[in-house]
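Engineer: If you scroll down you'll find the structure; I have some questions about it.
Each value in this text was obtained by applying a stated rule to the coordinates, not by laboratory testing. These figures come from a predicted structure and were not determined experimentally. Here the Cβ positions follow ideal geometry from the backbone for every residue, glycine too, while neighbour counts run over all protein chains shown.
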Amino acid sequence: MVAKRSLMQSLSKSRAVPVVISVLVLLALWEGAIALFDIPPFVLPRLGSIVHHAASNFGKLSGALCATLLEAVGGYVLGSVLGLLLAVAMVLVKPIERIVLPVAVAVNSVPTVAYAPIFLIWFGLGPASKIGLITLAVGFTMLVNALHGLKQADESAVNLMRSFGASRLGIVWRLRLPGAMPAMVTALRISVPRSMIVAIVGEMLGAYGGLGRVIYESTQQIDLLSVWSAVLFASVASMVAYGLLVWIDQKLVWWR
Amino acid sequence: MKLSPLEVMPAAAVAPVEAPATMLELVNVWKRFGEAPAQTVAVSNVNLRIAKGEFVTLVGPSGCGKSTLFNMIAGLLPPDDGALLLRGTSQRDGQMLGQVSFMPQRDLLFPWRTVLDNAILALEVEGVPRKVARERAALMLPEFGLKGFADHYPHQLSGGMRQRVALMRTFLFERDLLLLDEPFGALDALTRTRMQHWLLDIWARHWRTVLFITHDIDEAIVLGDRVLVMTARPGTIKSETVVDLPRPRDPSIVTSPEFMSLKRRLLDEIEEESRKTFAQEEAAS
Amino acid sequence: MSKASLTTRVLRSSAFALLLVALAWELAVIAFAPSPRYLPALSAIGRDAWSVWPQLLACFNRTLLETVLGFALGAAFGCACGTVFTYSRWMERSVFPLFVVSQTVPIVAFGALIVIWFGNSLLAKVMTAFFLTFFPVTVNTLRGLKSCDPQRIALMRSFGASGLVMFVKLAVPSALPQIMVGLRLGIGLSLIGSIVGEWFGETVGLGVMLMEAMNGDLVVRLWVVMVACGVMGMLLYGGLSLIERRLVWWRSEA
């Protein structure tokens, strides 16, 4: 066991090295291009100035980040739970799937951004509208993935359980749900960055606070440095959340 | 002393009976897996020789290294020790690739290709133009019982038919040496018997050299000129039995006394090796 | 076909479900008379759409063009990258994480920058669509190519096949189903990309119409644009399904 862990450690180290190298190369290219082509700061600011700006506005930006995160997490949890419940309902009661699924697919053909104005009208400018948007986006992803996962259970395994006298709910609980875990986890992973982006887009169209609001205001004031710092914050937060989820995934779904 | 005419004739005038040309020879071949100290020897000190046109069957308990041996002969795995000779020439690592027609246990048909296109797969890789290859394959279809199925897809065929397509693919790839790794293992007993006799039919007509792995003793005796028995891991050739039964082999041959005595002898040998394999597994668990 | 089975087939089809919902919508509006700000009647939406039909059509076509171009570029780039990452471990380890990071950056933030870089042109919108498309296509192409059956690879090697032959005859066809999944994801995102891209420039398009409706507080117009987007979405997915049916029609073994 110890041998395995140290092997894993050295493996992960060797994965980090090429990334670090390419990130450094990218940063070098960034600065190099600015210097070489004499790029004006409003097209591409220097990395140093972005970091400096982010640091000096740390308080304001973290406050905005918290607001955005609250919406993202709220919508993420709500959407995942509702999506899963709906998928289970569709498996238990066939007519639900037949009627609701085509509607859900049609609703999802509309890009999430197009819904934003309507949600702002329905739920106002506060966080509720963004949470609603995220719930819609994440919910549909979870619905599709969970449904696929639940339905892929081996027909002969289902029949076996029926021969034991298991009810439909029992089959779902003991057979379909565990089998659907990988698909559900995929949905959960995809939805993390998506929640952040939908939250920010929603805020850009109308909000009291949050990173999207900051970006919108900065764009109006043509303060592109602020835009970049806000982007930096959003990006880092997204990566941390994704990394957290990957870690949780490895701990939870250990049998893979 | 009266001398018979034969004794008077000079020795040179009596042409010596030529030993048939050797197609494949393995000399002291070894294969190990893993790193010390947890290293397993899959194949140890295998020596065998197969003559041109022979049909040789290889039996052994599961896990004895039969498939590993085959992978080495096909050029997919390099041997750790020893030499592989094809037609007398020693082969470097990977040199065997493309020289032997290999049929693995699963049919491995490509689901996106029709029966005909699956059959010509090896020919395509060889560089034969598709049109020519398709024509050649179309001629072979009736022989393999696939007449009319040229444009069908694998998922539309039964297991037996898919094996026949894979066999056709193997025969279309015109190489002198054929390696068949338990091709009939997944089929039911009745289909298997039919396929065995059909394979013998085709072999008699095309006259290639065949090395055939099986775990079924009946199959080994019915098909082979010689039966090689492999030991439990680490696998080596335990014995070689010449099957003296006349060809063409009739299905009723399985109940003849000669067949039975051969079977009895081989069964004892296999039993011994199977027992060793069980003991190995018990020790490992 | 008996009459009964035809009826059941109609009852089961998705079109019927949608029709049912549309009917329910109209009836609910008539029955409960909610404020038109919250839920306009379907008929009201239709009327408004008709009143601006030429503009709607022009915007629709423009957004469609941006989406399709962005998707084509993103798909081509994504497939190419997926292929490179499959066969070059080094490239995958170094460049792929950058791809992942790029997707955490909200494209909307780039909007203004993209207009600065590419001007207020078609190219700018195509670029935003491209940016959202290439990642899912790359990921799924990579996954599809890597999941090639190793036993089939061994079989091809035993025939003496070279790497290129194996790629063309085995890897690509076996990866196609997974690549299709990526393309389906990509095309939806491409549409989002074009719409968002349009917010940052005064051109023609559904995104522009959306902005105008929002700024002018034209609630019914918002619904019109939503429905138009939905129609485009279904058109794109439908088109992709047709392509999929021609390229990936075989049933792979379970």
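Engineer: Which three extents, in angstrom, do the Cα atoms of the protein assembly as shown have along their principal axes, listed largest first?
Structural biologist: 132, 74, 54
Engineer: Give the whole-number value, in cubic angstrom per residue, of the convex hull volume spanned by the C-alpha atoms of segment C:41-247.
Structural biologist: Spelled out: Cα convex hull of segment C:41-247, divided by residues, is 133 Å³.
Engineer: In whole angstrom, and with the biggest value first, how far do the Cα coordinates of chain A range along each principal axis?
Structural biologist: Taking the Cα atoms of chain A, the three principal extents are 74, 58, 30 Å.
Engineer: Please average, across the residues of B:109-117, the number of beta carbons from any other chain that are within 10 Å of each residue's own beta carbon, and give a whole number.
Structural biologist: Values: counts 3, 10, 6, 12, 3, 0, 0, 0, 0.
Across the residues of B:109-117, the mean count of other-chain Cβ atoms within 10 Å is 4.
Engineer: Compare the peptides C:35-45, A:18-28 by average per-residue count of other Cβ atoms within 10 angstrom and give them in order, highest first. Can you show the working numbers first?
Structural biologist: Details: C:35-45: 15.1, A:18-28: 13.5.
Top of the packing list down: C:35-45, A:18-28.
Engineer: Taking the Cα centre of segment C:41-247 as the origin and placing charges on Cβ (Lys, Arg +1; Asp, Glu -1), which of C:Leu236, C:Ala213, C:Trp53 is farthest toward the positive end of the dipole?
Structural biologist: Highest projection toward the positive end goes to C:Leu236.
Engineer: Another question, then. Give me the log10 of I(q) over I(0) for segment A:80-180 at q = 0.14 Å⁻¹, as the Debye formula computes it from C-alpha points; what are the numbers?
Structural biologist: -0.61
Engineer: Continuing with this model, one more query. From the P(r) of segment B:124-274, can you give the percent of Cα pairs sitting at distances over 21 Å? Don't skip to the end; give the middle numbers.
Structural biologist: Numbers: 5847 of 11325 pairs.
In whole percent, the share of Cα-Cα pairs in segment B:124-274 beyond 21 Å is 52.
Engineer: Identify, among B:Pro154, B:Pro142, B:Ala166, the residue whose Cα sits farthest towards the positive end of the charge dipole of segment B:108-174, taking +1 on the Cβ of Lys and Arg and -1 on the Cβ of Asp and Glu, with the dipole about the Cα centre.
Structural biologist: Final value for the positive-end residue is B:Pro154.
Engineer: Hey, which of these cross-link pairs are over 32 Å Cα-Cα: A:Lys251/B:Lys66; B:Lys31/C:Lys146; B:Lys147/C:Lys169; A:Lys251/C:Lys169?
Structural biologist: Where the Cα-Cα span goes over 32 Å, the pairs concerned are A:Lys251/B:Lys66; A:Lys251/C:Lys169.
Engineer: Moving on. Convert each backbone phi in segment B:115-123 into a coupling constant with the Karplus relation 6.51 cos²θ - 1.76 cosθ + 1.60 (shift: θ = phi - 60°), then list the ³J(HN,Hα) values in order as whole Hz, x for Gly and Pro.
Structural biologist: 4, 4, 5, 5, 5, 8, 3, 5, 5
Engineer: Sum -39500 (n - 2.57) across every DSSP H segment of at least 4 residues in the protein assembly as shown, then divide by the residue count to get the 222 nm mean residue ellipticity, nearest 500. All intermediate terms of the calculation are to be shown ahead of the outcome.
Structural biologist: Numbers: 32 runs with 523 residues, N = 795.
Mean residue ellipticity, 222 nm, calculated: -22000 deg cm²/dmol.
Engineer: Dipole magnitude of segment B:165-285 about its Cα centre, charges +1 at Lys/Arg Cβ and -1 at Asp/Glu Cβ only, in debye to the nearest 20?
Structural biologist: Numbers: 16 positive and 21 negative charges, 65 e Å.
With only Lys, Arg, Asp and Glu charged at Cβ, the dipole is about 320 debye.
Engineer: If you bin every alpha carbon distance in segment B:108-174 into 5 Å steps from zero, what whole percent lands in each bin?
Structural biologist: 4, 21, 36, 26, 11, 2
Engineer: May I pose another question? I'd like the mean, over residues of B:123-129, of how many other protein chain beta carbons sit within 10 Å of each residue's own Cβ. Don't skip to the end; give the middle numbers.
Structural biologist: Details: counts 1, 4, 11, 3, 2, 0, 0.
Per residue, the average neighbour count from other chains is 3.
Engineer: Could you pull out every residue, at least 5 positions away or on a different chain, whose amide H is within less than 5 Å of the one on B:Val43? Hs are placed 1.01 Å off N in the peptide plane, and Pro or chain starts have none.
Structural biologist: Close amide H contacts, sequence-distant or interchain: B:Lys31, B:Gly235.
Engineer: How big is chain B on each of its three principal axes, counting only the C-alpha atoms and giving the largest first in Å?
Structural biologist: 76, 58, 44
Engineer: With no solvent and one point on each alpha carbon, what is the Debye value of log10 I(q)/I(0) for segment B:27-181 at q = 0.10 Å⁻¹?
Structural biologist: One equal scatterer on each Cα of segment B:27-181 leads to -0.43.
Engineer: Moving to a separate point now. Using the Kirkwood formula over every pair of different C-alpha atoms, what hydrodynamic radius in Å results for segment A:27-139?
Structural biologist: Working: mean 1/r = 0.0565 Å⁻¹.
Its Kirkwood hydrodynamic radius stands at 17.7 Å.
Engineer: Looking only at other chains, what is the average number of their beta-carbon atoms within 10 angstrom of each beta-carbon in B:261-273?
Structural biologist: Working: counts 0, 0, 0, 0, 0, 0, 0, 0, 0, 0, 0, 0, 0.
Neighbouring Cβ atoms belonging to other protein chains average 0 per residue here.
Engineer: Could you give the longest part of chain A that holds none of the chymotrypsin sites (Phe, Trp or Tyr not before Pro) found in DSSP loops with at most 13 neighbouring Cβ atoms within 10 Å? Walk me through the numbers before you get to the answer.
Structural biologist: Working: sites that count: A:Phe42, A:Phe164, A:Tyr208, A:Trp254, A:Trp255.
Result for the longest clean stretch: A:43-163.
Engineer: At 18 Å minimum axial length over the Cα atoms and a Kyte-Doolittle cut of -0.5, report the qualifying DSSP H helices in chain A, or say none.
Structural biologist: Passing helices, by number: A:2-37, A:58-92, A:94-109, A:127-151, A:177-205, A:224-252.
Engineer: Residue by residue through segment B:176-189, what is 3J(HN,Hα) from phi via Karplus (6.51 cos²θ - 1.76 cosθ + 1.60, θ = phi - 60°)? Round to whole Hz and write x for glycine and proline.
Structural biologist: Going residue by residue, I get 5, 10, 10, 10, 10, 9, 6, x, 9, x, 8, 9, 6, 4 Hz, with x marking Gly and Pro.
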